[in-house]
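Data first, discussion second: the structure below is written as structure tokens.
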Amino acid sequence: MSLRVKQRPKNMTNTKPALTVKDLSVVFPESNGQSSPHTGLDVLDRISFQVHPREFICFLGPSGSGKTTLLKVVAGLVQPTSGHVNFMYHHRPKIGMVFQQASLMPWRTVIENIKLPLELEGIGNIKAHNKAREMIRLVGLKGFEDSLPRDLSGGMAQRVGIARALIHDPDLLLLDEPFASLDALTRERMWTELSRIWQAKQKTVIMVTHSINESLFLADRVLVLTQRPGKIKLDVKVELPRPRNDDIRYTPQFGKLARKLREAIE
Amino acid sequence: MSSLKRVKNILPAVLSIAFALMAWQLIVQWTQLPRFILPAPADVWSRFLKALMDGSLLYHTGITLVEIVLGLLVGITFATITGYALAKSRSLEKVLSPYLVASQAIPVVAIAPLLVIWLGDGILSKVVICALIVFFPVLVNTVVGIRAVPSALYDMMHSIRATRLQILMKLEVPASLPVLLGGLRIGATLSVIGAIVGELVDAEQGLGFLLQLGDFQYDTSMVFVAVFMLIALALFLYGVVTLLERKFLKWQA
Ligand SMILES: Nc1ncnc2c1ncn2[C@@H]1O[C@H](COP(=O)(O)OP(=O)(O)O)[C@@H](O)[C@H]1O
Ligand SMILES: [Mg+2]
């Protein structure tokens, strides 16, 4: 009786990676005062990893270990000092990014903020509007369509950011601690939703988080970064069955992985 | 209900104007000054009606308004374009800022005669003077406004591959609009001064010309009428900016 709900292929190493990061280092010029070429802030130190199509990977690491910087390099927002990022077929995929701070436009209402990516793609207003309504339902913001960001709580603003990142059906999702400001209940609902979206649509996801539970609940693989300058300290597969629910926390497998990650972080 | 509220809002202003008029009338009566030194409100009012009837008032006010509006348009266009370029390029800022600062050390009043000599006593010289006086505050506010656009929003726009034009239209313009309109508010007031300074140097038409004409002819009531029209123009421009702010900055309130 092992007819599981569509098990994803366990072994993805045969497929062409969606994304290859090789020997990536980022050094920021020292911001306080004189910047000679050899002093700078080493943020990431020769990071290498691969992500396969439809894979969900999580980065765990202490504050300041360069997690945000890593996502920004992948998104093309920060130029690496050395090393490179290669995408499958050598073109940059369509990206949906959720930022650590919600980064909403204060002059746009909730629905207008969510619509933005479709607007930039030149998609008709009615179609964009309908899609945005759908996203609003998905993230549980019904009734707040016409609110301005200043009237939203941190958690609500973050959900607007999530809806905006998903609306244009990106190939690659980059999530920077997207659930950090949500209350526990909403956060767990969002985990389930995100799992569902990720399983339903073919998305590759790179997520940054502080929470071991979150990473084990969502990811296929968890990578742990060291203190600055960030190096990859641990890279573990999470072979827990899907769909995952709350009960999974009480399985011995989960406990073992959680312990392993906790030890790596400390 | 809202009209009652509106009445309540403007009531203090109306009362203070009525009070000022009364005080003015009383001063005229007590001091018994000759009319060519201090006309009474009633004298000014009848002079106003006369100038209105013979069409001269509207004509000269119209000329000045045209100078102001053209001057504002030219000044704002150049100031926002230059300001945007300065905000985007530190090296351009380094090259241009000495000139800009130096230009501010010269009062426009000082170069107005030159401009009239070079450009003639028609509308053109006034438009240029207006544009010059409007240029700097709008420029500064453009630079400040564009520089204040949060870098997180640039990142967000780049992550969804916004083009330069999309970044300008959908991020930079709306984000800097509060500061930009603040610059326009200052510019609008200054532009009235610019037009009058130009007309006082030399002109055949406009409120400045009317002002000078009244002065020469000891028609002091006319001078008062011209001054009040200038105030009306300034208030009108101020009102237009306020309307723009109401319309575009609802999200700020
Ligand atoms: N644009 C930048 N210029 C200079 N230093 C930066 C910049 N962005 C981040 N940093 C620094 O790099 C380090 C890592 O930052 P970040 O990637 O945000 O870490 P994390 O997301 O893991 O907390 C921090 O010390 C931060 O101050
Ligand atoms: Mg971060």
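FYI, it's all coordinate maths here, none of it is from the lab. Not measured: the values here are computed from a predicted model. We place every Cβ from the backbone using ideal geometry, glycine too, and count neighbours over all the protein chains shown.
For B:M169 paired with A:A184, estimate the spin-label separation in nm (one decimal), with each label point 7 Å from Cα along the Cα-to-Cβ line.
Between B:M169 and A:A184, the simple spin-label model gives 4.9 nm.
Just to be sure I understand the rule: take each whole DSSP H helix in chain A, project its Cα atoms onto its long axis, keep it if the span is 15 Å or more and its mean Kyte-Doolittle hydropathy is at least 0.0. Which ones pass?
Flagged H segments are A:110-120, A:154-167.
Where does the Debye-calculated log10 I(q)/I(0) of the stretch B:1-130 sit at q = 0.15, 0.19, 0.21 Å⁻¹, using only Cα point scatterers of equal weight, no solvent?
Result of the Debye calculation: -1.01, -1.09, -1.16.
What pairs in A:K131/A:K201; B:K126/B:K247; A:K233/A:K256; A:K16/A:K231 have C-alpha atoms more than 21 Å from each other?
B:K126/B:K247; A:K16/A:K231
What whole number of Å gives the distance from the Cα centroid of the stretch B:120-191 to the Cα centroid of the stretch B:6-20?
Between the Cα centres of the stretch B:6-20 and the stretch B:120-191 lies a distance of 35 Å.
Looking only at B:I68, B:I231, B:I37, which one moves most when chain B is put into a Gaussian network model with springs between Cα atoms under 10 Å?
Looking only at B:I68, B:I231, B:I37, the largest GNM fluctuation is found for B:I37.
If I model a spin label at B:L114 and B:K250 as a point 7 Å from the Cα along the Cα→Cβ vector, what separation in nanometres do I get?
About 4.8 nm, to one decimal.
Under 1.5 on a/c is rounded, so check that first for the stretch B:1-77, then, if it is not, pick prolate when a/b is larger than b/c and oblate when it is not; a ≥ b ≥ c are the square roots of the alpha carbon gyration tensor eigenvalues.
Oblate, because a/c is 1.5 or more while a/b does not exceed b/c.
Return the average number of partner chain Cβ atoms within 10 angstrom of each residue Cβ along peptide A:162-174.
Counting other chains' Cβ atoms within 10 Å and averaging over A:162-174 gives 1.
Taking 0.36 nm per residue of separation and subtracting the Cα-Cα distance, what length does fully extending B:I231 through B:L33 add?
Taking 0.36 nm per residue and subtracting the Cα distance, the gain is 68.8 nm.
So what does the Cα-only Debye profile of the stretch A:216-258 read at q = 0.14, 0.17, 0.31, 0.33 Å⁻¹, as log10 I(q)/I(0), no solvent term?
-0.38, -0.52, -1.10, -1.19
Kirkwood hydrodynamic radius (Cα pairs, Å) of the stretch B:115-253?
17.4
Can you tell me how much longer the chain between A:S63 and A:T39 gets when fully stretched, taken as 0.36 nm per residue apart minus their C-alpha distance, in nm with one decimal?
In short, 6.5 nm is gained.
Identify the GluC sites (Glu not before Pro) of the stretch A:68-168 meeting these criteria: DSSP loop state and at most 14 other C-beta atoms within 10 Å of the C-beta.
Qualifying residues, ordered by number: A:E121.
Specify the longest stretch of chain A that does not include any exposed loop site, a site being one of the trypsin sites (Lys or Arg not before Pro) with a non-H, G, I, E, B DSSP assignment and at most 12 other Cβ atoms within 10 Å.
With a cap of 12 other Cβ atoms within 10 Å, the longest stretch comes to A:11-141.
What's the magnitude of the charge dipole for the stretch B:95-253 around its Cα centre, counting Lys and Arg as +1 and Asp and Glu as -1 at the beta-carbon? Answer in Debye, nearest 20.
Around 1000 debye, computed over the stretch B:95-253.
What trypsin sites (Lys or Arg not before Pro) in the stretch B:127-220 are in a loop by DSSP, with at most 16 other Cβ atoms within 10 Å of the Cβ?
B:R161
So if R0 is 45 Å, what FRET efficiency would B:A152 and B:V14 give, r being the distance between their Cβ atoms, rounded to the nearest 0.05?
Once the sixth-power term is evaluated, E becomes 0.45.
When the Debye formula is applied to the Cα atoms of the protein assembly as shown, each taken as the same point scatterer, what base-10 log of I(q)/I(0) results at q = 0.09 Å⁻¹?
-0.80
Checking the a/c ratio against 1.5 first, then a/b against b/c, what shape does the Cα gyration tensor give for the stretch B:70-131?
Verdict is oblate for the stretch B:70-131.
Please compute the modelled spin-label separation between A:R262 and A:K201, points set 7 Å along Cα→Cβ, answer in nm with one decimal.
Once both label points are built, they end up 3.6 nm from each other.
Estimate the FRET efficiency between B:K50 and A:T20 by the formula 1/(1 + (r/R0)^6), using the beta-carbon distance for r and 60 Å for R0, to the nearest 0.05.
After rounding, the FRET efficiency stands at 0.10.
Could you give the alpha-carbon Rg of chain A over 2.2 N^0.38 Å, rounded to two decimals?
The value comes to 1.03.
Treating the beta-carbon of each Lys and Arg as +1 and of each Asp and Glu as -1, no other charges, what is the dipole magnitude of chain A about its Cα centre, to the nearest 20 debye?
The calculation lands at about 860 debye.
Report the Cα centroid-to-centroid distance between the stretch A:193-266 and the stretch A:154-191 in angstrom, as an integer.
Computed from Cα coordinates, the inter-centre distance equals 17 Å.
Is the C-alpha gyration tensor of the stretch A:180-231 telling us rounded, prolate or oblate? Criteria: a/c under 1.5 is rounded; beyond that, a/b larger than b/c is prolate, otherwise oblate.
oblate
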